[in-house]
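One structure is given below, encoded as structure tokens.
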Amino acid sequence: MNYFDLVPWIVFLPVLGLLLNILIGKRLGERGSSLVAFLASGGAFVVSVLQWLSLSAHPEAHIVKFAEWINIGALQVPWAFRVDTLSVTMMLVVSGVGTLIHIYAAGYMHYDVRYKGDPAAYQRFFIYLNLFIAAMMILVSGDSYLMLFVGWEGVGLCSFLLIGFWFNKNPDGSSGMENSNAAKKAFIANRVGDLGLLLAMFAIFTLMGSLSFDTVFARAEFINPSYILAITLFMLIGVAGKSAQLPLYVWLPDAMAGPTPVSALIHAATMVTAGVYLVARSAPLYSLAPAAQTTVAVVGALTALFAATIAVGQNDIKKVLAYSTISQLGFMVAAVGLGAFVAGMFHLVTHAFFKALLFLGSGSVILALERAHHPIDGDHEQHHEEPKKGHAFDPQDMRIMGGLRKVIPTTYRVYLIGALALAGLPPLAGFFSKDEILTDALHANPLVYALLTAAAFLTAFYMGRQVLLVFFGEPRSHAAEEAVESPPIMTWPLIVLAGLSILGGLINFPGLHGLTNWLEHTLGHEFAHATEFNLTVALTSTLLALLAIYLAWTLYGREPLKAKAADPLAKRLGSLFTALQNKWWVDEFYGWLIIRPYQRFAAFLADVVDWRFWHDWVHDSLIARGFRGLAVFLANPVDLGVIDGLANGLATGARGLASSLSILQTGYVRNYALMVFFGVVSMLAYLIFFS
Amino acid sequence: MVPVSYYLALAAILFALGALGVLIRRNAIIIFMSIELMLNAANLLFVAFARSFESLDGQIYVFFVIAVAAAEVAVGLALIVTIFRTKHSIDIDELSSMKG
Amino acid sequence: MTADLILFFGLAAVAIGAALGMLLSKNAVYSALFLILNFATVAVFFLLLGAPFIAMAQVAVYAGAIMVLFLFVIMLLGAEQLLTSHKSGWQRPIAILLTLVLLVESIYLIFGRGRLLSQVAPVASDYASPEAIGELLFSRYLLPFEVTSILLLVAMVGVIVLIKKPKANN
Amino acid sequence: MEFFNSADLLHALPLIFLMSWATILLLVAAFARAASERIMPALAAAGLLLTGYFAARQFGNPASAFNGMFAADGFSAFITLLLVLSGLLAIALSSDYLKRMSLNRPEYYVLMLFSITGMMLMASAADLIVVFLALELLSIPLYVLAAFAQPEPRSEEAGLKYFLLGAFASGFLLFGIALVYGATATTSLTGIFIAAQSGLEQPLYLLIGAALILVGLAFKVAAVPFHMWTPDVYEGSPTSVTAFMAAGAKIGGFAALIRIFIVALPSISEQIVPVLWALTALTLIGGNLLAIAQNNVKRMLAYSSISHAGFLLMALVVYGQDAARFDVVASALFYLLAFIITSSGSWGVVIALEKQAGKGLEFSDYAGLGRTQPVLALAMAVFMLSFTGVPPTLGFAGKFYLFRAVLEGEYVGLAILGMLASLISAYYYLRLIVVMYMQTGNPKIHSERWLNLTTVGAAIGVVVLFFASEPLFDLAALALLHVN
């Protein structure tokens, strides 16, 4: 008995759910529509479990062709679902964690939409959430690079929509465009990565004449290795975009503008791991290009350490987690880069548990403070005043928290479990998966091992700092004193995730190698070797983690932070801490490296080409308009001030260039005719004199 | 016998002058006349080539071009008259309300 | 220099002069008259090239009908002269420069790269007779001929649409 | 002697039928004016449907008619079908708009049908002189239609600008034809091919002539730097005319370009391809960059249509490669199909938002559309995504086949350029979506039956037909040129 034919429902159930919510969501009310969304996602989980059961009996890959799609010449891409141990692992994680987050969100969004003053947005949220599940399922279940790409773009779109969910607000709740700018930044950084993936796909198709995984892998051996190297490196650009690796990671911290369940689901547990999945899926290609593997591993390890340093200096509870996510993704990418595909996937799964837990927990903390600050439950009247920007109450600032373990004990307990799992203390899930990566790294590449170990040390430190700042000491604000525990609908998913964070290590417990054996069916014995437990590595990392936690305690625990006091780390580290707080000025660096020169180039075009050359002849109206164009250019660097991110600046630069070009479009017929004539004369000159 | 190439050169000069007229005059009617000059230059080219091949096809083309020119003139002058009725001017530099 | 060449250069000078005259006249009526002169000269060239029928058509249709229409409209609108303004003063030098480039290109194309094309010695007496042209028009060129008729019809409709004032109450 | 035979009439049946039908409609307009204002759209649509039926029957038996002046083959049949589709969409967009803007005069439809006959003839013309006449037959009604809203100054300005520049460009076209005639002693497309193969006395005349013909047609399809009339004319013309112009003129222009270059001019591909390449690159970059600067949706769409001309030109660059040639034609035809539906639909949304006399066209007028008019906004979002080339839309399939053809021709640089261009284009298409969904406003729309039907239908078509891309592409691949 197998259920493989049911697999299309992992996509269609969420689609059904979102259609239902689009059509009658408003009439169903909050409960109804969140229930619909939950059932859709839960149904997908059930189907995934059925796939798992079927696969346990018949572990070889099954391809379920659903529909003809593209079929021209050499290119034949049907819409086919690929059910193998690798894709089913991802399906289970996506739908399982996704469903828990649906439950949590049903409670969380109830409050969030009211604080943001737009209760009608509730249904919209669940529509997007289901859409995301559907797209992510397409991504993991596709049987070809093209289907994977369709899902890849789909989740990118959902990410864009959800980051910009409160698109007319700033993250602090005042009206403004910061959230929607964050969404744009994410979208554009991802497009840069997508270009890489597209190029890889085109190269694959050109060289191997197919995009289906099996065919591609079968033909890969016969291709010149330098082409494979190019393909895998292009793919790495895509991975860096989607999985927030150096140098394209800048969008992920800003993506925290989305509602917290989104941060948990998309920007921690599932979507951002798509890059890891892509590399694992393309294992046969990467194994043919050792140079690319090393590059991937080093990029991952550097990202892991780099992001971990930044996390140390953040005060925003979600920003710490965001940089931690980038860092942990670095671990996974490094692992798959080293060829330790199983370790990477293992960490992917456990990380999905404890990072989702941490994000949801932070959401619970934020909500607890928010509800204490201005209560709106049930009979209380609704708040309409808009907080002013700047000195507004910021429920995400760890400096106003403290002592929360007494008022919100449930959240505290689960959060502690998540933090310890992330810190890598035995016997929690994170310990096993991280250790497996470190062990593999030690064998394969000592540099990567050193980088990752340092990152692991920092991880334990910043998590210790965070837990101590948030839950220990004395409350540093009124809201922290009065914080309200979240309702059961939110805490239950937390408890389930906490359980998974404790027990997750069993999935690939040393000696049992459950996941290794499971994935071996797909990856083959060559890529799915069992890593033996290495006591030295385990002891080193555990001791380092304990040391880091002790260090955090001496700084933040022994003498708890007072309200409005400076961070003790600032005194010790001095300007280094400022650098950490400012995220190593990477956004500013991009501004300096790419955006400013781009604008200067545009200004050069405007100044030399447009101004001196063109305007020497231009007398009246053109001068006035050109002057305005130049003013735009001059104003831009000043006006933009500190340029926020690659994306916005690029867009502004292109717009400036465009408006200087459009000066040519004067509206005068004779100028137009002159342009035509110019085109003719230069075309003829080329043909007569040069060809 | 005058070489056909001389006719080609003459046609090219007339064509260039017509194009120049389009570019430097502001009176819509004169621009239009300049375009007629360009068409006429092409006609000269056709007839000259027809003569060198001793085939009649080139002459037939001229016939068609003249017919097309007539149609264009009718519509073009109608457009100019219409514009004149609204703007009381046929200065094409005043027709620049749309740009960018 | 043979008489042929003298005639050619003389007429060419008139044609170019007339074209320049059209270009440079301040008064649109003069421009139109210069253009008529140019068309008439070109008609003589047509005759020299053995195209009597086309020459007649040129004089009758072009110089006669079309240009009269031009003159008529110029007079009707009273648009002989425009006030001079200096909008886009840079246009003129660039235009002249580009025209010169185009001329250089053409001359190079005709005399530099290509070989000199000579005329075929005297043509048969029935070359380009109205009969020959008429026969071609109605056999080989029937389709273009019919399309031309549709084109004239369309132009007529277009003119009526443009000139007729829209109904005020519509 | 025989002037023509009945076979000629049969092969040219769609063309002759539509010409006669338009003439009859003219009589209807003249003699039953009151009634004609109501029934004219229906009559015009019926004529188009019948034309489409006749054209569809012509698939599969290529022939040439009227002494080799006229080619009736799969290519012309497919183009005719595309024209019928764009004509029907344009009529559906026009009927209510004309009433709203008090422009409802029956001649509108007559001129539109005549223009379509010109476009059909562009696709069938097997002789350069017929191309010239077809181009004029296509253009003259468009000049008049652009100025149709007279005495509205912008419409008149659009008409005159279009006319003057159009006539200027056809001057170049004509001179080019004369040079080609001078080089090959013929204007028949196959004749030119044969003459070029057997050696020319003046090969450079052919090359220059071909370049000038390219200029004339590039003007019609709005390729940079011959594009400058486009935004002004598109903005000033009545929007329903713009919708028709954007689709129809482009089809006609590309039909002629493809036939002329592939049938007559393969011999000069080596010399002319760099020119085509440069033209394509300029069009892709210029169209997209200029679109970014626009705040008026009508102008933005005008520049967007320029950039799509660039994508279509990409196919032409490959025309000289034997291996790629069939895919080139098919992918260009498919891209045209995707463009027509997307473009007509997006103009429909513009028409729905347009208030009296050119008001309601700014980006800011679209703010909040997502909230107040979810269906319309969704349709517009679909069109923008299709323009960008995001799956699952027809635009994606169009770009896919196009890039594939270009890659088959081994123009990797061009493909990358195209990719970058669509990346830039995402900015301004996305911007409209952002404005519609993420800014607040209260736009008023005109809800009219045919308009709504067309817009929503086109949006559904863009998505649904995506899943039928493959059979559609196969159909386009059948539309081979008849090279005799």
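What follows is calculated from the coordinates using simple rules that are stated; it is not laboratory data. The structure displayed is predicted, hence computed values, not measured ones. Glycine gets a Cβ as well: all are built from the backbone with ideal geometry, and neighbour counts include every protein chain shown.
For chain A, with only Lys/Arg (+1) and Asp/Glu (-1) charged at the beta-carbon, what is the dipole magnitude about the Cα centre, in debye rounded to 20?
Using only the charged Cβ atoms, the result is roughly 920 debye.
As a footprinting exposure proxy, order A:K406, A:K169 by other Cβ within 10 Å, with the fewest listed first.
In order of increasing Cβ crowding within 10 Å: A:K406, A:K169.
Expressed as a whole number of Å, what is the distance separating the alpha-carbon centroids of the stretch D:1-44 and the stretch A:161-223?
52
Over chain A, what relative contact order in percent results from Cα pairs under 8 Å that are six or more residues apart?
Relative contact order for chain A comes out at 12 percent.
Could you please rank A:V94, A:V64, D:V435, placing first whichever residue has the fewest other Cβ atoms within 10 Å of its Cβ? Before the final figure, lay out each step's value.
Numbers: A:V94 30, A:V64 17, D:V435 21.
So the residues, fewest neighbours to most, are A:V64, D:V435, A:V94.
Can you give the calculated 222 nm mean residue ellipticity of chain A, where each DSSP H run of n ≥ 4 adds -39,500 (n - 2.57) and the sum is split over every residue, rounded to the nearest 500 deg cm²/dmol? Provide the component values of the computation, followed by the final result.
Working: 29 runs with 465 residues, N = 691.
Using -39500 (n - 2.57) per qualifying helix, the result is -22500 deg cm²/dmol.
Considering amide H positions built from the backbone, and no H for Pro or chain starts, which residues 5 or more places from D:A72, or on another chain, come under 5 Å of its amide H?
Distant-sequence amide H within range of D:A72: D:A63, D:S64, D:A65.
When the Karplus curve 6.51 cos²θ - 1.76 cosθ + 1.60 is applied with θ = phi - 60°, which whole-Hz ³J(HN,Hα) does each residue of the stretch A:219-228 get, with x for Gly and Pro?
8, 4, 4, 8, 9, 3, x, 5, 5, 4
Using amide H atoms built in the peptide plane, which far-off residues or other-chain residues are under 5 Å from A:L211 H to H?
A:Q76
Give me a comma-separated list of calculated 3J(HN,Hα) values for the stretch D:300-308, in order, Karplus coefficients 6.51, -1.76, 1.60 applied at θ = phi - 60°, integers in Hz, x for any Gly or Pro.
After applying 6.51 cos²θ - 1.76 cosθ + 1.60, I find 4, 5, 4, 5, 4, 5, 4, 5, 5 Hz.
Can you find, among D:I268, D:S344, D:L289, the residue sitting farthest towards the positive end of the charge dipole of the stretch D:6-477, where Lys and Arg contribute +1 and Asp and Glu -1 at Cβ?
Ranked along the dipole, the leading option is D:S344.
Rounded if a/c is under 1.5, else prolate if a/b is larger than b/c, else oblate: which is the protein assembly as shown, with a ≥ b ≥ c the root eigenvalues of its Cα gyration tensor?
Judged from the Cα gyration tensor, the protein assembly as shown comes out prolate (a/c at least 1.5, a/b above b/c).
Tell me whether the stretch C:1-82 comes out rounded, prolate or oblate; compute the Cα gyration tensor, take square roots of the eigenvalues as a ≥ b ≥ c, and use a/c under 1.5 as the rounded threshold.
oblate
Relative contact order of the stretch D:265-423: what whole-number percent is it, with Cα pairs under 8 angstrom and at least 6 residues apart?
Numbers: 173 pairs, mean separation 42.6, N = 159.
About 27 percent, as a whole number.
Rank the residues A:L684, A:L573 as a footprinting-exposure proxy: fewest other Cβ atoms within 10 Å of their Cβ go first.
Values: A:L684 22, A:L573 15.
Taking fewest neighbouring Cβ atoms as first place, the list is A:L573, A:L684.
Would you work out which of B:I90, B:A19, B:S52 lies farthest towards the positive end of the dipole of the stretch B:4-94, given +1 charges on the beta-carbon of Lys and Arg and -1 on that of Asp and Glu, about the Cα centre?
B:I90
Just want to confirm a number: the relative contact order over chain D, from Cα pairs under 8 angstrom separated by 6+ residues, in percent. Write out the running numbers ahead of the final one.
Details: 821 pairs, mean separation 76.2, N = 484.
The value is 16 percent.
Just from its helices, what would the mean residue ellipticity at 222 nm be for chain D, if runs of 4 or more DSSP H residues each count -39500 (n - 2.57) and the sum is divided by every residue, rounded to the nearest 500 deg cm²/dmol?
-25500 deg cm²/dmol
Would you grab the residues whose amide H sits under 5 Å from the one on A:W69? Only those 5+ places off in sequence or on another chain, please, with H modelled 1.01 Å from N.
Those qualifying (amide H under 5 Å, at least 5 residues apart or on another chain) are A:V77, A:W79.
Quick one: Karplus J couplings for the stretch B:62-68, per residue in order, coefficients 6.51, -1.76, 1.60, θ = phi - 60°, nearest Hz, x for Gly and Pro?
Using θ = phi - 60°, the values come out as 4, 4, 5, 4, 4, 5, 4 Hz.
Exceeding 22 Å between C-alpha atoms, which entries from my cross-link table qualify? They are C:K164/D:K161; A:K185/A:K571; A:K26/D:K359; A:K185/A:K564; A:K26/A:K116.
Over 22 Å Cα-Cα: A:K185/A:K571; A:K26/D:K359; A:K185/A:K564.
Within chain A, what's the longest run with no GluC sites (Glu not before Pro) in a DSSP loop and at most 16 other beta-carbon atoms within 10 Å? Give the range, please.
Details: sites that count: A:E60, A:E221, A:E381, A:E385, A:E482, A:E526, A:E532.
Here the longest run is A:61-220.
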